[in-house]
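Worksheet: one structure, shown below.
Every read-out reported here was derived from the displayed coordinates using simple, explicitly stated rules and does not represent laboratory data. Remember, predicted model here, so these are calculated numbers, not experimental data. Cβ: placed from backbone, ideal geometry, glycine included. Neighbour counts: every protein chain shown.
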Amino acid sequence: MTWRPDLSVKISKLMLKNPIMPASGTFGTEMSPFIDFNRLGAIVPKSITLNERSGNKGPRICEVEGGMINSIGIQSKGIDYYTEHIIPDFAKYDVPLIASISGDTIDEFAILAERLTGIDRVAGLELNISCPNLRNNGIAFGMDEKTTNELIRTVRQVTDKPLIAKLSPNVTHIQDTALAAEKGGADALTVANTFLAMAIDTETRKPKIGNLMGGFSGPAVKPLIIRLIFQVHQVTSLPIIGSGGAMTGQDVIEMILAGASAVQVGTANFMKPAAMLDIIDEIADYMMRHHIDKIADLIGKIDLE
């Protein structure tokens, strides 16, 4: 019998068969012909909002050197559609479902969390705190420590589901935001969301994104995310889900060595729908080559000597 390494990891109360999951907004049921969902560590559908939203005006996506910029604007059909259609569509798969939720106010986050808490199929909640806070002059929740703490504390009061705070990289000192989320009651941290960016068409002299700016993702941001994961891991014992620039199994191993327990894959899914399965196989190959029994043994094991 061929020996196979143990790829399972634990994120709070969630047991994942491997550390790979999609980044919210990069994955949907339409990918089922191309990828076996049951092989994933977890499923994270696109962020849901309380009410229906049309999203930002186009163009919404543009390719740039080293990645892509997107400004979808959290287009959503609302919580009712989500509970009636999206969750049942994923219920057939034997994979934990992590619902990514977003709101314009802290109250909206709490209402969404309370609604989803009553659904057994939802294993955990990822709080997208990088969206604009309408009660704070449009500044993202995750860019203000006090607001981050207040949001997490409020949501914590209405749910016992594992809470994963998705941190913004667009801050001066991400460690402070991470600690604010931890003190508020977060069970894990996603590090991080996309980097605010802009691109201009030099022929037309117009912005390439209809909303002027958007989130930059792709392989070019990976070294920045590695740094952020390492910094957050130094100040908190909460599990970290790395997110940003992971294109290969080697990239995932690098994030895990920096301190991540799991990794979200985003831009790679647009380039190759089955990318996550390749990454899982590449992780297993790496572990066999290095005679590593458990992937969990690599978390934060960067050699600083």
**OP:** May I ask you to compute the full-extension gain from Leu304 to Lys272, defined as 0.36 nm times their residue separation minus their alpha-carbon distance, rounded to one decimal in nm?
**Re:** 8.1 nm
**OP:** Under 26 Å Cα to Cα from Lys161, which lysines show up? Leave out anything in the same chain fewer than 8 places away.
**Re:** Lys10, Lys13, Lys17, Lys46, Lys77, Lys92, Lys146, Lys183
Original post:
With labels modelled as points extended 7 Å from the Cα through the Cβ direction, what inter-label distance (nm, one decimal) is found for Tyr93 paired with Met31?
Top reply: 0.7 nm
**OP:** Could you point to the residue in Ala165, Pro5, Leu298 farthest towards the positive end of the chain's charge dipole, with +1 and -1 charges on the Cβ of Lys/Arg and Asp/Glu respectively?
**Re:** Ala165
Original post:
What are the residues whose amide H is under 5 Å from the amide H of Ala23, where those residues sit 5 or more places off or on another chain and H is modelled from the backbone?
Top reply: Val265, Gly266
Original post:
Where a ≥ b ≥ c are the square roots of the eigenvalues of the C-alpha gyration tensor, would you call region 9-298 rounded, which needs a/c under 1.5, or, failing that, prolate if a/b is larger than b/c, or oblate?
Top reply: rounded
**OP:** Whole Å is fine, so just give me how far the alpha carbon centre of region 38-96 lies from that of region 250-293.
**Re:** 22 Å
**OP:** Rank-order 29-37, 65-73 by packing density, defined as the average count of other C-beta atoms within 10 Å over each peptide's residues, highest first.
**Re:** 65-73, 29-37
Subject >> Packing rank of 53-61, 19-27, 191-199, where each peptide gets the mean count of other beta carbons within 10 Å, highest leading >> reply: 19-27, 191-199, 53-61
**OP:** Kindly state, to the nearest 0.05, the FRET efficiency for Lys183 paired with Thr2, given R0 = 41 Å and r defined as their beta-carbon distance.
**Re:** 0.35
**OP:** Kindly state, to the nearest 0.05, the FRET efficiency for Lys13 paired with Leu224, given R0 = 41 Å and r defined as their beta-carbon distance.
**Re:** 0.85
Original post:
Tell me, what is the percent relative contact order of the chain, built from C-alpha pairs under 8 Å that lie six or more residues apart?
Top reply: 20 percent
Original post:
Taking 0.36 nm per intervening residue step and subtracting the Cα-Cα distance, what contour gain separates Glu150 from Glu63 on full extension?
Top reply: 27.7 nm
Original post:
For the modelled label position 7 Å from the Cα of Ser54 along Cα-to-Cβ, which residues of region 198-237 have backbone nitrogen atoms closer than 17 Å?
Top reply: 210-212
**OP:** Quickly work out the His291-to-Asp160 label distance, labels modelled 7 Å from Cα along the C-beta direction, and quote it in nm with one decimal.
**Re:** 4.5 nm
